[in-house]
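The values are calculated or read from the model by the stated rules, or taken from the named source; none is laboratory data. Values in this document were obtained by computation on a predicted structure and should not be read as measured data. Cβ placement follows ideal geometry from the backbone for every residue including glycine, while neighbour counts extend to all protein chains displayed. Areas reflect the complete protein model, heavy atoms only, side chains present, ligands, DNA and RNA absent. Shrake-Rupley method; radii C 1.70, N 1.55, O 1.52, S 1.80 Å.
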Amino acid sequence: RAKKSGGNRVEPFQPAFRMAVSDRLQLESDLRRAIERRELSMVYQPIVRLDDAEIAGFEALMRWDHPKRGNVPPSEFIQLAENSNFISELGLFALERATSDLSNWLIQTGDIPFFVSINVSSAQLVNSNLADDVRRVLNQAGCPASRIKLELTETVVMDNPEQSRLVLDKLHDIGVSLALDDFGAGYSSLGYLTRYPFDTIKIDKMLVNDQSDKRDVLLRSVISMAAEMGMTLVAEGIETEDDAEMLGQMGCHYGQSYHFGPPIGTDAVLKILKERFPLTRTG
Ligand code: C2E
Ligand code: MG
Ligand code: MG
Ligand code: MG
């Protein structure tokens, strides 16, 4: 269905693959302009320790509020950017914005221990000099590398095994943490865990909310294996307090889901940090 805009009515978003070519091209040029004009934004979802519900970090998630279409889901516009070769600009925007936000929070809260997780897409790893970008952006913002986690999905690694190896080793040397995102949603080859310098696994919400009676066995073995390898575990999409407790008992360290808190803006993050850590606050 093509858009027939009546006045200021916001059209429900059509997935790009179902759009007419002309609409798609329009959306593409809109996105290009949105990047140039810095009209994209980042929201931050809390990542919470399962044993005491303390906030450990935030995942930076990109948002695009299109003037006519309203909120376009990142799964859509990121793929659009990947297909039309400006994902590097988009990725750089995410890095710059997230580190600059982090830097402000650090200045205003003192030395509170928390990290910021940033998603990295496949094209970023292949086409740009990701490690150099990360180093430069961290310097610009004055953020220690240890505060940053980069999230990559296994398809990123699968599609570019060699290049991934090189870049991930460089990133590891810089000192950023590396998370394997959406674990359990695809192939989940355990080989990635030994051959690449990941220190964190994010268990996908699909596995966390699997309805099969083998779910608990699967979760328990993934968690104990990863924990034995010294890795940090984050479970995505936990929906109930029972599941939070069970995952915690299995040895999963963190949870990230609507149950613990939705993605929020920078001011809300600052407020939470100040409330949660009143004593360590210096600023
Ligand atoms: P992701 O990295 O796996 O991020 C987690 C997604 O799960 C986010 O969706 C988040 O809002 C959603 N989520 C959080 N808690 C729950 C829950 O309890 N239930 C359910 N059903 N979902 C939950 P979002 O923000 O729509 O992002 C979707 C995907 O888009 C991300 O998946 C990531 O792959 C990609 N993405 C988002 N921002 C960026 C970015 O800045 N750069 C890149 N390259 N990719 C991004
Ligand atoms: Mg992620
Ligand atoms: Mg994920
Ligand atoms: Mg996901």
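Things to note:
- Two-site FRET efficiency, residue 218 against residue 63, from Cβ-Cβ distance with R₀ of 35 Å, rounded to 0.05: 0.60
- Given charges at Cβ of Lys, Arg, Asp, Glu: the chain dipole, positive-most of 85, 198, 143: 85
- With Cα atoms, 0 to 90° folded angle of helix 87-109 axis to the chain main axis: 50 degrees
- Accessible area expressed per residue, the chain, with surrounding protein chains retained (probe 1.4 Å, Å²): 49 Å²
- Highest-fluctuation residue, 22, 221, 177 considered, GNM on the chain with Cα pairs under 10 Å: 22
- Tail fraction, Cα-Cα pairs, region 106-214, threshold 24 Å, whole percent: 29 percent
- Apportionment of accessible area to carbon and sulfur, the chain, percent (1.4 Å): 49 percent
- Accessible-area value, residue 223, 1.4 Å probe, nucleic acids and ligands omitted, Å²: 0 Å²
- Distance-filtered residues of region 24-46 - backbone nitrogen under 19 Å, label point 7 angstrom along residue 275 Cα→Cβ: 43-46
- Accessible-area order (highest first, 1.4 angstrom probe) of the listed residues 206, 42: 206, 42
- Rounded if a/c under 1.5, otherwise prolate or oblate - the chain, Cα gyration tensor axes: rounded
- For region 31-102, radius of gyration divided by Kirkwood radius, i.e. Rg to Rh on alpha-carbons: 1.06
- Of 68, 205, 149, the one that fluctuates the most in a GNM where the chain has Cα springs shorter than 10 Å: 68
- Inter-site label distance for residue 21 and residue 187 at 7 Å from Cα along Cβ, in nm: 3.3 nm
- Global geometry of region 131-283, whether rounded, prolate or oblate, following the gyration tensor of its Cα atoms and the 1.5 cut on a/c: oblate
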